[in-house]
Amino acid sequence: MALRINDTIPDLTVETDQGTLNLHDWIGDSWAILFSHPKDFTPVCTTEFGAVAQLSDEWAKRGAKVMGISVDGVEDHKKWKGDIEAFGGATAGFPIIADNDLKVAKALDMLPADAYLPDGRTPADSATVRSVFIIAPNKKVQLMMTYPMTVGRNFAEVLRALDGLQRTYEQPLATPANWETGQDVIVALALDDAAAEAKYGTLDKKLPYLRFAKNPG
């Protein structure tokens, strides 16, 4: 069954370069970001892992944990981190799941259930394992992005999306296109005008169904 937004992330026990971890225990009360890769020692993925390492302070500021997934073993992950840190100029302090048995890739619906890795495989054999999952403290998937092998992920957009999710989490609010932190937000239609104004103050009504609030606290 496909993994969808608002599904609970599978509670898997995984092997990483930092030891054995249980996903739900690791997430705890934090936000979490899982970002997956089809193989270690590949060029685009190395730049992406470097970008994640460079943003360590930004993840921490938002109370978010990050974990990589790659369909290779622990020892390869440890060696690859040397390249990641050399390229990115930052410590890659996050764990990387060793998914050489494809357990995580299949559980997160990134590969067919009957998939296997041939001997001497190339990244093309696991090309679909290039996704980002943002998970809320309630362990539910809030956002999914999947990229092709030829396009490096924009982690500034991952940060922006995380900001939007945290801003609207469990509130009757949404963010408009191209929203940035501090900008006005959209009030959900679940609230009529009177209820919305009682909760958020005077609204900026662009259309009967499009009402902005001034970045309510």
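The values are calculated or read from the model by the stated rules, or taken from the named source; none is laboratory data. Here the structure is a predicted model, which is why all the values come from computation and not from measurement. Virtual Cβ from ideal backbone geometry, glycine too; neighbours counted across all protein chains shown. Side chains are part of the model used for accessible areas, which takes the heavy atoms of the whole protein and leaves out ligands, DNA and RNA. Shrake-Rupley method; radii C 1.70, N 1.55, O 1.52, S 1.80 Å.
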Grab the eigenvalues of the alpha-carbon gyration tensor for region 138-196, scale each by 5, take roots, and send me the semi-axes largest first in whole angstrom.
27, 13, 10
Could you order 131, 56 by accessible surface area, starting with the largest, using a probe radius of 1.4 Å?
56, 131
Give me the aspartates and glutamates in straight-line cross-link reach of residue 65: C-alpha distance below 15 Å, same-chain residues under 8 apart excluded.
25, 29, 57, 163
Taking the simple approach of a point 7 Å from Cα along Cα-to-Cβ for both residue 170 and residue 150, what is their distance in nm?
4.4 nm
Based solely on C-alpha atoms, express the radius of gyration and the Dmax of region 41-107 in angstrom.
12.0, 34
Considering only the other residues whose Cβ falls under 13 Å of the Cβ of residue 190, what net charge follows from Lys and Arg at +1 and Asp and Glu at -1?
-1
In nm, give the distance between the simple-model label positions of residue 180 and residue 199, each being 7 Å from the Cα along the Cα-to-Cβ direction.
2.7 nm
Mind listing the phi-derived Karplus ³J(HN,Hα) values for region 74-80, rounded to whole Hz, using 6.51, -1.76 and 1.60 with θ = phi - 60°, and x for any glycine or proline?
4, 5, 4, 4, 5, 5, 5
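Of 140/214; 106/140; 39/61; 139/206, which pairs sit farther than 26 Å apart, going by alpha carbon to alpha carbon? Kindly include the intermediate steps, with their values, before the conclusion.
Working: 140/214 28 Å; 106/140 17 Å; 39/61 29 Å; 139/206 35 Å.
Check vs 26 Å cut-off fails for 140/214; 39/61; 139/206.
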Ignoring ligands and nucleic acids, residue 209 exposes an accessible area, probe 1.4 Å, in Å² to the nearest 10, of 140 Å²
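Let me know the shape class of region 1-121, please: from the alpha-carbon gyration tensor, a ≥ b ≥ c as square roots of the eigenvalues, rounded when a/c is under 1.5, otherwise prolate if a/b is greater than b/c, or oblate. The partial results should precede the final answer.
On the way: a/c = 1.79, a/b = 1.09, b/c = 1.64.
Cα axes put region 1-121 in the oblate bin.
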Partner aspartates and glutamates whose C-alpha sits under 14 Å from that of residue 103, ignoring same-chain residues fewer than 8 away, are 11, 15, 72, 114
Using only protein heavy atoms and a 1.4 Å probe, report how much of residue 170 is accessible, in Å² to the nearest 10.
150 Å²
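Based on the mean of other beta carbon atoms within 10 Å per residue, what is the order of 142-150, 80-88, most packed first?
On the way: 142-150: 14.4, 80-88: 17.1.
Result, highest mean first: 80-88, 142-150.
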If amide hydrogens are placed 1.01 Å from N in the peptide plane, which non-local residues have theirs closer than 5 Å to the one on residue 100?
72
In whole Hz and in residue order, list the ³J(HN,Hα) couplings for region 168-177 that follow from phi through the Karplus curve 6.51 cos²θ - 1.76 cosθ + 1.60, θ = phi - 60°; x for Gly and Pro.
10, 4, 6, 10, x, 9, 9, 10, x, 4
